[in-house]
Amino acid sequence: MSEPPTSEPDRPRRKRREAAAPSPASLVDPAIAAPVRAAVAACREQRGNLIPILHEIQRTLGHVPEDAVPVLAEELNLSRAEVHGVITFYHDFKPSPVLGPKVQVCRAEACQAVGAEELFAAAPGLCGTVEQVFCLGNCALGPSVAIDGRVYGRMTASRLREVLA
Amino acid sequence: MTTVYVPRDSAARSVGADEVAAAFAEADPSLTIVRNGSRGMLWLEPLVEISSSEGRIGYGSVTPADVPGILAGTAESIGVVDEHPWLASQQRVTFARMGRTDPLSVDDYLANGGMAGLRRARTMTRAEVVAEVTESGLRGRGGAGFPAGIKWKTVMDCPDGLKFVCCNADEGDSGTYADRMVLEGDPFMLIEGMAIAAYAVGATEGYIYIRSEYPDGIATMREAIKRAEPWLDGFNLETRVGAGAYICGEETSMLESLEGKRGMVRAKPPIPAFEGLFGKPTVINNVLTLATVPTILAGGADAYQSLGVERSRGTQVFQLGGNVARGGIVETAFGITLGELVEGYGGGTRTGRPVRAVQVGGPLGAYVPTSQFDLPMDYEAFAKANAMVGHGGIVVFDESVDMAAQARFAFEFCAAESCGKCTPCRVGAVRGVEVIDRIRTGVDRDENLAVLEDLCELMTDGSLCAMGGLTPMPVRSAINHFSEDFEARQP
């Protein structure tokens, strides 16, 4: 410690206690901490890099676990509350891994006009977890469904069953 | 040697373009297969084109089974694609190259008028470039329609230092896909437009904020930026990927997201032109706005300004979607009527039933009845009719639509996607759903309609941004034009 001694009588004691307690980040399972730190390193040069980092974590781990929060807070010099707030704001960052293909059914107006609501209602029976999404940019060829990022147009329940088979 | 064009656009891929391209490669390995952008005749996708002495001959809705017939010359064609009346009658300015070229071919881009705008801009002073954009009458194509040149001038006049150019490619509105088509089908055009903007305002860094729902657009854009590096002259351009938040299409929310924060809307002032990204002067334009700039610089402000009507100058890239027979891109001068677009180009509904309502300008735009089909597509004419042209997305509904359900959805969507910063939007959207439910179940209908109107007024006047401020627009238009749908229903 290179800081000059302070005249406040209780200050050194508090400092010692802080130093003794392990940081929240150091308690995180290395199986999570390591890829999180790697994601930070990969985006180190970018301005305002938290979103790209979170995308990278989501890509490598399939979700953004709660344990990533203290590691990110330490790496980026943010509060844990700030990091948590950002993660939970965006639909793309999932708290737990999703099993099976990622199926997103468009429920926006253009697809509604050609029967998206019926498809959205029928989809869980075909593929388990279904996410709603508002617009895949395929508005002339709806109803649209994205499966693991690939868009399918003019979708029907029977075609969805075929594609997922 | 025969060249086969099979679009790589994700709309074409969504109906089997990849399988068709593979079938051609397998049928005859000597063929040159070009994965071009889409022409925008989306109802004909996958639209395959075969080179010939007369021009590129088109075949619509091709499946792998059609491939042998096309190669043998026995399949039925739609003729020379460039001469197809649906396409030939349009005034393609921004989308002039779309579908003709391989989007990632620098040679194609240069051979088809690319870079002429940037080259000319660099022979002019910064002020001259900004003046050219101002004189062209170009207004923001993202929906608000703010004059682009005025925005640029504000940033140019800020003291030199770190400045940014940000392209808003968070095209989250239902019924719009023109931005996506530019990202996937003519990415160099957007890069050129951003380079011109950067030169004009003195910016050194640029970001293209693309929504994560557009993986093809992101990949194409990233590759295009790599290939365009030599043109950028030190302008550092980067793509950033959104994370599934609709509100990040609002410009200040997008800035927050670019800074790595929650996409919460900022109060204005200060406007981003003075204090934008990281507090620095920032130009924020939509994809189509920036993509139109190269053409304006190449052809001059007068040529662009001569198109259009009143204060809506130039062309708009209209996007026909929803329940429409011939969906796709219609780029034409402002002033065309809504009916000409929906009934003429669109050919009515896909289901063949009569059109009942058309939503113009995205989820926050008004539902327009067929009785207003003579409205000219013009920012001010639409505003006068309590509607908006917005970004030119047009979603068609047939007579089976329940307009009370659509009004309810407008609130439901707002509740799901509100950033939560201001109360009218965060709470009002939830209350709106409840009130419409009460109206539909016949609970104090007239009183609740009055409450709904009150709520709409409050949200319009009291919200921080367009999300809460415009959600009442589809709701009110549904009530005004389709009041019969708001009668109580039997459960």
For the stretch B:313-328, which positions are at the interface with another protein chain (Cβ under 10 Å from one of its Cβ atoms) and either on the phi > 0 side of the Ramachandran plot or outside any loop (DSSP other than H, G, I, E, B) (or both)? B:319, B:320, B:321, B:322, B:328
Matching residues, the stretch B:1-46, being among the hydroxyl-bearing types (Ser, Thr, Tyr) and more than 9 Å from chain A (Cβ to nearest Cβ): B:2, B:3, B:5, B:30, B:32, B:38
Residues that are open to solvent by 10 Å² or more (accessible area, probe 1.4 Å), within 14 Å of chain A (Cβ to nearest Cβ) and not aromatic (Phe, Trp, Tyr): which helices (runs of 4 or more DSSP H) entirely in the stretch B:169-236 hold 3 or more of them? B:215-228
When the stretch A:40-72 is checked residue by residue, the ones that are more than 13 Å from every other protein chain (Cβ to nearest Cβ), surrounded by 15 or more Cβ atoms within 10 Å (Cβ to Cβ) and part of a helix (DSSP H, G or I) are A:61, A:68, A:69, A:70, A:71
Among the residues of the stretch B:242-293 satisfying the criterion of being touching a Gly at 6+ places or on another chain (Cβ under 6 Å), more than 9 Å from every other protein chain (Cβ to nearest Cβ) and among the small types (Gly, Ala, Ser), which is most open to solvent (accessible area, probe 1.4 Å)? B:249
Any idea which of A:107, A:154 is among the basic types (Lys, Arg) and at the interface with chain B (Cβ under 7 Å from one of its Cβ atoms)? A:154
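From the set of residues in the stretch B:131-166 that are outside any loop (DSSP other than H, G, I, E, B) and in contact with an Asp or Glu (Cβ under 9 Å, 6 or more places away or on another chain), which is surrounded by the most Cβ atoms within 10 Å (Cβ to Cβ)?
In this case the residue turns out to be B:165.
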Restricting the search to the stretch B:415-425, which residues are surrounded by 17 or more Cβ atoms within 10 Å (Cβ to Cβ), more than 26 Å from the chain's Cα centre (by Cα) and part of a helix (DSSP H, G or I)? B:424
Residues being among the aromatic types (Phe, Trp, Tyr) and in contact (Cβ under 8 Å) with a residue 60 or more places away in the chain - total across the stretch B:136-159: 1
By residue number, the members of the stretch A:116-130 that are more than 9 Å from chain B (Cβ to nearest Cβ), open to solvent by 20 Å² or more (accessible area, probe 1.4 Å) and not polar (S, T, N, Q) are A:118, A:120, A:121, A:122, A:124, A:125, A:126, A:127, A:128, A:130
Here the qualifying pairs (Cβ atoms under 6 Å; residues six or more apart or on different chains; first in the stretch B:1-19 and closer than 14 Å to residue B:216 by Cα; second open to solvent by 20 Å² or more (accessible area, probe 1.4 Å)) come out as B:8/B:35; B:10/B:216; B:14/A:152
Among the numbered criteria (1) within 13 Å of chain A (Cβ to nearest Cβ); (2) free of Cβ contacts under 8 Å to residues at least 12 places away in the same chain, which one does residue B:392 miss? (2)
Within the stretch B:101-116, is even one residue open to solvent by less than 20 Å² (accessible area, probe 1.4 Å) and touching a Leu at 6+ places or on another chain (Cβ under 8 Å)? no
Residues of the stretch B:236-260 satisfying the condition of being closer than 27 Å to residue B:109 by Cβ and free of Cβ contacts under 8 Å to residues at least 60 places away in the same chain: B:236, B:237, B:238, B:239, B:240, B:241
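The values are calculated or read from the model by the stated rules, or taken from the named source; none is laboratory data. Predicted, not measured: the structure shown is a model, and the values here were computed from it. Using ideal geometry, Cβ is built from the backbone for each residue, glycine included, and neighbour counts are taken over all protein chains shown. When the accessible area is computed, the model is the full protein with side chains, heavy atoms only, and any ligands, DNA or RNA have been set aside. Shrake-Rupley method; radii C 1.70, N 1.55, O 1.52, S 1.80 Å.
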